[in-house]
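Working notes for the structure below.
Just so you know, all these numbers are worked out from the coordinates, no wet-lab data involved. Note that this is a predicted model, so its numbers are computed, not measured.
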Amino acid sequence: MLKKLWNKRATKMIIVCLGALIAFLAFDFYTSGTTYGSNSAAAQTPSDIVAPTISGDAAITLERGTEFKATDHFTVTDDQDEKPTLEVQTPLDTNKVSVMPVLLIAKDETGNTSTKQITVNIIDSKAEAEAKAKAQAEKEKLEKERIEKEKAAEAEKKEAEATAQAEVAAQDKKDNTETKNSSANSNADHNTKQENTSNNSQDNATQADSSTENTATAAVEAPSIQPMQLEINGQFINYQNAGQASGQAVIDADHTRAATWGGAPVQSGDDGLNTHIIAHNPGAFSVIFNLGIGSQFKISDAAGKVTAYTVNEVAQVDDEAYRLSDGADYWDKMIGTGGGERVTLQACINDVHNLVVFAYK
């Protein structure tokens, strides 16, 4: 009897425990969405799937010889990693003046990566400053020569005027002496002599005045532009229609001469094309360093027809025609024929940089 009672109680207890366990598991599954004891981390989808962000300018400028550290110019942020890494994928030699494309790569701790393509402009400010100083010195030298020429012309004019006045005074003195010596003659002869002397004095004075006027006119008469010349800030520069075949050879043979190179090989103010004209600095084109936006200059063609142009842009480029300030490609704008009636003037700043002046009719 006792054995039956114990078996009945044990069976009832087992049934209660199983019911409680089933209720617990059901409640756990309902609240967590997983079975009890399962690996919840493995059942969930990884949350870090966003790549880091690289912030900074698309183009930067470095002085030649400066060490390039990407973290000095760019920042990397990530939504979960506090210290994502930033690497420079492209080797960069900052000891050479150039414009280089560089690839940056950012990576977070879970392996998400992002890239950023930038342009690095490596310049030599010292060389540019020396070139500007040299151009300024050349400008001051030319200005000094101009002032000295004007002073010489003014002195020559005054000397001519003084000489003419002295000649008139000497003639008057001579006439007065002759008049006094002839006073003993008859009144008729005296009157005749007096009249002739007076006429001679007037003629001489007229001739002296005419000579003085001609001298003064010659001294102040300004030169005018001739066929195949540029007139820039009062300077006249001969040029030659040479084109790419021989333009460089022309200016190398004569640093005081310019030549066409790119664009239309023959300069014309009416062809609606761009003509690219080159010359050396120091040399014929030292004067273009004084041009700015709004400056004007003239060019005469082979027939002597003169066309005036107004400057609308001045830029500095490297030998591959990339603008130093932002790496923009200026090749087509410099040597292409499009863009309407215009001219492009080019001179070297140093061995690797060039000054380019764009002007339109």
Inter-centroid distance (Cα atoms) of the range 119-134 relative to the range 46-108, Å: 25
Cα gyration tensor shape of the range 223-361, rounded if a/c is under 1.5, else prolate or oblate by comparing a/b with b/c: rounded
Partners for LYS12 among lysines (Cα-Cα distance below 29 Å; same-chain residues under 8 apart left out): LYS3, LYS4
Cα-based convex hull, the range 53-123, per residue volume (Å³, whole number): 72
Those lysines that a straight Cα-Cα span of less than 30 Å connects to LYS173, excepting residues fewer than 8 apart in one chain: LYS157, LYS158, LYS193
Cross-link reach list, aspartates and glutamates versus LYS96, counting only Cα pairs under 16 Å and skipping chain neighbours closer than eight places: GLU63, GLU67, ASP124, GLU128, ASP318, ASP319, GLU320, ASP351
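Going down the list LYS141/LYS298; LYS305/LYS361; LYS116/LYS333; LYS69/LYS107, which pairs span over 25 Å between their C-alpha atoms?
Numbers: LYS141/LYS298 23 Å; LYS305/LYS361 14 Å; LYS116/LYS333 28 Å; LYS69/LYS107 17 Å.
Beyond 25 Å: LYS116/LYS333.
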